[in-house]
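Below is one structure, written out as structure tokens; comments come after it.
The values are calculated or read from the model by the stated rules, or taken from the named source; none is laboratory data. Source: prediction; values computed, not measured. Glycine gets a Cβ as well: all are built from the backbone with ideal geometry, and neighbour counts include every protein chain shown. With ligands, DNA and RNA removed, areas are computed over all heavy atoms of the protein, side chains included. Shrake-Rupley method; radii C 1.70, N 1.55, O 1.52, S 1.80 Å.
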Amino acid sequence: MHIAIVGNIGAGKTTLANKLAHHFNWEVFLEDVDHNPYLKDFYDDMPRWAFHLQVYFLNSRFRQTQQIKALQQASKGVIQDRTIYEDAHIFAANLHQSGLMTERDYQNYLSLFTSMISMVNPPDLLLYLRADLPKLVAQIDKRNRDYENNIKIDYLKHLNEHYEEWISGYKAGRLLIVDVNNLDYVNNPEDLSVIIDKINSTLFGLF
Ligand SMILES: Nc1ncnc2c1ncn2[C@@H]1O[C@H](COP(=O)(O)OP(=O)(O)O)[C@@H](O)[C@H]1O
Ligand SMILES: Nc1ncnc2c1ncn2[C@H]1C[C@H](O)[C@@H](COP(=O)(O)O)O1
């Protein structure tokens, strides 16, 4: 079983991924953020570093998908924090549309993504955490990563628009959308139970 958690920056993916992994006793795959050699530079100068960062994330995410495949073959459950789909359909697409990635770099990136994606299995469940801008901003502030301090509201807004468009056309497998605007699964165990019940019902037909 493979559940992938998707959603905008600060939506609460990592927090939920760790909680679900603990609950189901499954392996968790997190994003390569702390050791990412481009992320800080990217936030300082997006046009300069957009292509480098996208290639870095694509490679790191692809490696993860192959590790997840191996675990699934060994019948192990996996929770994944963010997917390779979001790199291309959300982040790279947004950088290109916003004029922060050149046409030449974007086409080069897409061609690499297309070659790789044929070797990627979709998750058994895609869990989309939908959050409005105030919730995202509050949670990015709460996390307080210094290089994320200058993220513009417009950047988050455009990412949210890309998420809504991508999710509305997602047909690769089961999809569960959870509005997290009024959920606090950090402090309220009942809010976590609401999500776990929805997962059980979608995946196993329980409840
Ligand atoms: N539903 C929630 N309610 C309250 N705080 C949350 C919630 N989800 C996440 N947080 C807090 O918001 C911050 C960002 O969450 P995080 O899981 O890192 O988001 P993401 O991985 O989607 O970027 C963290 O400090 C986390 O404790
Ligand atoms: N593909 C990506 N392009 C640009 N930025 C990305 C990409 N994937 C992740 N990120 C950024 C967004 C955040 O600053 C960090 C971690 O993501 P988070 O949603 O907070 O888990 O990396």
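Here's a check for you: in the range 149-207, which residue that is over 20 Å from Ala4 (Cα atoms) and touching a Phe, Trp or Tyr at 6+ places or on another chain (Cβ under 8 Å) is surrounded by the most Cβ atoms within 10 Å (Cβ to Cβ)? Among them, the one singled out is Ile151.
Take Leu192 and tell me if it is over 18 Å from Glu86 (Cα atoms), more than 16 Å from ligand 1 (Cβ to nearest atom) and more than 17 Å from the chain's Cα centre (by Cα).
Numbers: over 18 Å from Glu86 (Cα atoms): yes; more than 16 Å from ligand 1 (Cβ to nearest atom): no; more than 17 Å from the chain's Cα centre (by Cα): yes.
Considered against the rule, which asks whether it is over 18 Å from Glu86 (Cα atoms), more than 16 Å from ligand 1 (Cβ to nearest atom) and more than 17 Å from the chain's Cα centre (by Cα), Leu192 comes out as no.
For Met46, the criteria (1) within 15 Å of ligand 1 (Cβ to nearest atom); (2) hydrophobic (A, V, I, L, M, F, W, C); (3) surrounded by fewer than 20 Cβ atoms within 10 Å (Cβ to Cβ); (4) modelled with pLDDT of 95 or more hold in every case but one, which is (1). The residue that is farthest from ligand 2 (Cβ to nearest atom), counting only those in the range 65-96 that are surrounded by 19 or more Cβ atoms within 10 Å (Cβ to Cβ) and either in a strand (DSSP E or B) or of a type in the set (Lys, Arg) (or both), is Val78.
On the basis of being within 14 Å of Ala11 (Cα to Cα) and within 14 Å of ligand 1 (Cβ to nearest atom), does Asp141 make the cut? Considered against the rule, which asks whether it is within 14 Å of Ala11 (Cα to Cα) and within 14 Å of ligand 1 (Cβ to nearest atom), Asp141 comes out as yes.
Have a look at Phe62, Phe57 and point out the one that is part of a helix (DSSP H, G or I) and either under 30 Å from Leu192 (Cβ atoms) or open to solvent by 60 Å² or more (accessible area, probe 1.4 Å) (or both). Phe57 is the lone residue from the list that is part of a helix (DSSP H, G or I) and either under 30 Å from Leu192 (Cβ atoms) or open to solvent by 60 Å² or more (accessible area, probe 1.4 Å) (or both).
Evaluate the range 37-51: report whether one residue or more is farther than 19 Å from Ile177 by Cα, more than 10 Å from ligand 2 (Cβ to nearest atom) and within 15 Å of the chain's Cα centre (by Cα). Within the range 37-51, not a single residue is farther than 19 Å from Ile177 by Cα, more than 10 Å from ligand 2 (Cβ to nearest atom) and within 15 Å of the chain's Cα centre (by Cα).
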